[in-house]
1. What ranking do ASP113, ASP85 get, fewest neighbouring Cβ atoms within 10 angstrom at the top?
2. I'd like the orientation of helix 40-51 relative to the chain: the angle between its Cα long axis and the longest Cα principal axis, in ° from 0 to 90, rounded to 10.
3. Sorted from fewest to most neighbouring beta carbons within 10 Å, what does the list TYR93, TYR106 look like?
4. Grab the stretch 3-160 and count how many Lys pairs have their alpha-carbon atoms under 13 Å apart, sequence gap of 8 or more, or different chains.
5. Run the numbers on the stretch 8-71 and let me know its relative contact order in percent, using alpha-carbon pairs under 8 Å that are six or more apart.
6. Is there a quick way to get the dipole size of the stretch 22-141? I mean about its Cα centre, with the Cβ of Lys and Arg at +1 and of Asp and Glu at -1; what is the value in debye to the nearest 20?
7. Roughly what would the spin-label model give for ILE40 and GLU92, points 7 Å off Cα along C-beta, in nm?
8. Please work out whether the stretch 85-166 counts as rounded, prolate or oblate from its C-alpha gyration tensor, where a ≥ b ≥ c are the square roots of the eigenvalues and a/c under 1.5 means rounded, while otherwise a/b larger than b/c means prolate and anything else oblate?
Amino acid sequence: MNQLEHFRKITTFIFDVDGVLTNSQVLVLEDGKLLRSMNIRDGMAIKEAIRHGYRICVITGGKSKGVKIRLQNLGVQDIYLGQSDKMEAYEEYLYTYDIKAENVLYMGDDLPDLPVMKKVAIAACPQDAAPEIIGIANYVSGIIGGKGCARDVIEKVMRVQGKWQT
């Protein structure tokens, strides 16, 4: 089965945050708080995907309240924060909604994402992901983390399925 056929089967997107929905950088304030930057076009694509009935989940090791609020404002309901073992959250998510791995695209950028990426139909990553992640990815976006790579995969899947606005 070629890559486009796998894209046709995707019903669920799972994203990491830092390095995927953000650019891997944090601004450290004097009081120790961390600020992240997220891409507006990624947000628009996430909203479009939800509007068209796709499932969106976020699994991250981070615990940012601001990230959670941003994702909830986009309509994301399944947000797993503080996940040192992403496989546990992934399996719980699939079980909860009776989702098959063959229908999942996971986008990650670093070593904590590796175990989950080995279990999904499409393991995707941003252009600037860790070499180990690029080495196992089925799809490497031409876009770096935090600059629209989530939109890239959402748009690609939706176009293949005839659901993206033209």
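Any read-out appearing in this document is the output of simple, stated calculations on the displayed coordinates, not a laboratory observation. From a predicted model like this one, the values you see are computed outputs, not experimental measurements. Counting neighbours? That spans all protein chains shown, and the Cβs are built from the backbone with ideal geometry, glycine included.
1. Values: ASP113 30, ASP85 13.
Placing the least packed residue first, the sequence is ASP85, ASP113.
2. Computed tilt is about 50 degrees.
3. On the way: TYR93 18, TYR106 29.
With the sparsest Cβ surroundings first, the list reads TYR93, TYR106.
4. 7
5. On the way: 55 pairs, mean separation 26.4, N = 64.
Dividing the mean separation by the residue count of the stretch 8-71 yields 41 percent.
6. Numbers: 14 positive and 16 negative charges, 92 e Å.
Computed charge dipole of the stretch 22-141: roughly 440 debye.
7. Spacing of the two 7 Å Cα→Cβ label points: 3.5 nm.
8. On the way: a/c = 2.10, a/b = 1.10, b/c = 1.92.
Taking the square roots of the gyration eigenvalues as a ≥ b ≥ c, the stretch 85-166 is oblate.
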